[in-house]
Amino acid sequence: MTEPKPLLTVAEALSFLLSSARKITETNILPTLEANGRILAVAQTSQLDVPPVDNTSMDGYAVRAADCVSGEAVLRVSQRIPAGHVGQPLEAGCAARIFTGAMIPQGADAVVMQEVCVASKDADGDLVTVKHTPQSGEWIRRAGEDIKSGSTILAAGQRLRAQELGLAASVGLAQLPVVRKLRVAVFFTGDELAMPGDALKPGAIYNSNKFTLRGLLENLGCDITDYGIVPDTLAATRDTLRRAAAEHDLIITSGGVSVGEEDHIKPAVEAEGHINMWQIAVKPGKPLAFGEVNRAGTSTENNRAFFLGLPGNPVSSFVTFLLFVRPFILRLQGVAEVAPKAYAMRADFNLPKGDRRNEFLRAKINVEGGLDLFANQSSGVLTSTVWGDGLIDNPPGKAIAKGDIVRFISFSDLMH
């Protein structure tokens with residue numbers, strides 16, 4: 001009798017997935033205003049200094065520091081310089097009224113903020129008493145202080161957020177090259193599944209995984225085609241796989257990846273392509289299938305769609321997506337750093353016995369800064385994912401005592 005293969009560890013499975021990913025090479029050029037959430041395809045450099053000239057970071061008076069050594073200097077106000085205007089050279093014994101962002105006039109080497117100045121007038125015009133002894137360079141932002149011309153401001157593979165778009169705009173980039181959207185097909189197996197809004201027949205359940213997985217894929221900027229609920233037959237599953245492979249980079253399914261008589265995903269993928277990886281020592285989510293589906297009857301590497309089959313239990317589907325599908329998609333999109341941040345945090349609970357598999361426990365950050373554990377860690381209890389703030393990555397066989405430091409991964413770091 002053949003011995004069953006040992007289950008892959010989480011690290012082994014993730015390493016295999018990432019090494020198998022083929023980066024998308026096609027790009028789109030988008031207006032910077034429309035590139036939010038997209039993956040940058042080519043590193044971007046600045047063609048100018050930011051700021052472009054020395055300017056003031058305060059409302060106040062531009063002065064020569066040497067004119068203000070007394071701490072009570074009275075200076076003639078020779079000009080007014082709002083932001084966006086160029087002043088005249090500053091003469092000795094004079095000050096320029098200046099406003100935040102305005103260019104420092106030639107001859108000035110410091111700015112004195114208005115709170116330590118007293119304005120007055122005489123017969124010849126405006127005066128200012130500087131009740132401060134400024135140092136040269138005070139309250140001046142130097143040209144290129146933020147960005148030097150020729151420097152790289154954005155690396156390839158970055159997901160463009162609001163701050164990246166602002167940075168691109170600050171150096172005048174009106175367009176950005178981005179990786180084209182990943183084309184993902186999804187479908188769901190199980191004759192017991194029904195859609196919200198339909199009446200539930202005896203033995204039926206609502207297809208919550210459709211909504212969870214589509215939301216997660218939308219967060220990752222994917223172009224999604226939903227083939228809906230597929231009948232629990234080998235023929236229907238194979239037909240859907242063929243149609244999905246023709247137009248998509250990745251196929252994701254939920255349900256039907258176990259070993260029961262009604263679980264048709266694995267044999268269907270093997271008939272239309274191949275399975276590279278199957279079971280993982282992870283809880284929840286042991287049955288996770290990874291493979292490729294041939295397109296148009298061929299089997300060359302570049303003419304296949306990737307396949308990932310997730311478990312049907314809702315928490316198992318959710319967790320395995322976060323642990324395995326998310327980093328795989330990011331790597332396909334060209335992102336180099338795909339691992340979520342992990343935080344060392346205090347457990348405020350007891351777990352007397354660890355599971356033999358690497359377990360990912362739903363937990364919540366409490367007001368004392370520690371972690372509370374959701375009482376029911378079953379793979380069918382979706383409320384745990386709404387209640388919780390993230391997952392505790394608990395190694396196989398490890399019990400947890402109150403006060404222990406554990407590895408915590410926040411949902412907020414796993415949702416993009």
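Of the residues Ser20, Ser15, the one with the fewest other Cβ atoms within 10 Å heads the list, and the complete ranking is Ser15, Ser20.
What's the center-to-center distance, using Cα atoms, between region 99-137 and region 38-78 in Å? Their Cα centres are 14 Å away from one another. The label point for Ser57 and the one for Ala296, both projected 7 Å from the Cα toward the Cβ, are 5.9 nm apart. For region 323-416, applying the loop criterion from DSSP together with a ceiling of 15 other beta carbons within 10 Å to the GluC sites (Glu not before Pro) yields Glu337, Glu368. Placing R0 at 22 angstrom, the Cβ-Cβ distance between Glu115 and Val74 gives a FRET efficiency of 0.80 after rounding to 0.05.
Couplings 3J(HN,Hα) for region 307-316, derived from phi with the Karplus relation 6.51 cos²θ - 1.76 cosθ + 1.60 (θ = phi - 60°), are 10, 9, x, 9, x, x, 4, x, 6, 4 Hz, where x marks Gly and Pro. In terms of its alpha-carbon gyration tensor, region 108-260 comes out prolate; a/c meets the 1.5 threshold, and the first ratio a/b outweighs b/c.
If I take every Cα pair under 8 Å that is 6 or more residues apart in region 343-413, average their sequence separation and divide by the length, what percent do I get for the relative contact order? Reported relative contact order: 46 percent.
Net charge within 13 Å of Arg362 by Cβ-Cβ distance, Lys/Arg positive one each and Asp/Glu negative one each, not counting Arg362 itself?
Working: positive: Lys283, Lys364; negative: Glu359, Asp372, Asp389, Asp393.
So the surrounding residues net to -2.
I want the local charge near Lys398. Using Cβ-Cβ distances under 15 Å, sum +1 for each Lys or Arg and -1 for each Asp or Glu among the other residues.
Details: positive: Lys283, Lys353, Arg356, Arg357, Lys402, Arg407; negative: Asp355, Glu359, Asp393, Asp404.
Summing Lys/Arg as +1 and Asp/Glu as -1 gives +2.
So which of Lys283/Lys341; Lys210/Lys266; Lys181/Lys201 end up more than 27 Å apart, counting from Cα to Cα? In this structure, Lys181/Lys201 exceed 27 Å between Cα atoms. Between Val386 and Met195, the FRET efficiency from the beta-carbon distance, with R0 = 25 Å, is close to 0.75.
Grab the eigenvalues of the alpha-carbon gyration tensor for region 55-141, scale each by 5, take roots, and send me the semi-axes largest first in whole angstrom.
Details: eigenvalues 59, 42, 26 Å².
Over the Cα atoms of region 55-141, the semi-axes work out to 17, 14, 11 Å.
Annotation: amide H of Glu138 within the under-5 Å range of Val111, sequence separation 5 or more or interchain, hydrogens built in the peptide plane. Only helices enter the 222 nm calculation for the chain: every DSSP H run of n ≥ 4 contributes -39,500 (n - 2.57), and dividing by all residues gives -5000 deg cm²/dmol, rounded to 500.
Computed from the Cβ-Cβ distance with R0 of 22 Å, the FRET efficiency linking Ser151 to Leu18 stands at 0.15. Ordered by the count of other Cβ atoms within 10 Å of each Cβ, fewest first, Leu371, Leu167 give Leu167, Leu371. Using only alpha-carbon positions in the chain, the gyration tensor eigenvalues give semi-axes of 60, 27, 18 Å once each is multiplied by 5 and square-rooted (largest first).
How charged is the neighbourhood of Arg183? Take every other residue with its Cβ under 11 Å from the Cβ of Arg183, and add Lys/Arg as +1 and Asp/Glu as -1. Before the final figure, lay out the partial values.
Numbers: positive: Arg180, Lys181; negative: Glu26, Asp223, Glu247, Asp249.
Result for the local shell: -2.
Taking a spot 7 Å from the Cα of Lys131 along the direction of its beta carbon, which residues of region 67-92 have an amide N less than 14 Å from it? Within reach of a label on Lys131: 71-74. Over the chain, Cα pairs under 8 Å with separation of 6+ residues give a relative contact order of 15 percent.
Quick note: the coordinates plus some simple rules give every number you see, no bench work behind them. Since the model is a prediction, treat every value here as computed from it, not as a measurement. Every residue, glycine as well, gets a Cβ built from its backbone with ideal geometry; the counts of neighbours run over all protein chains shown.
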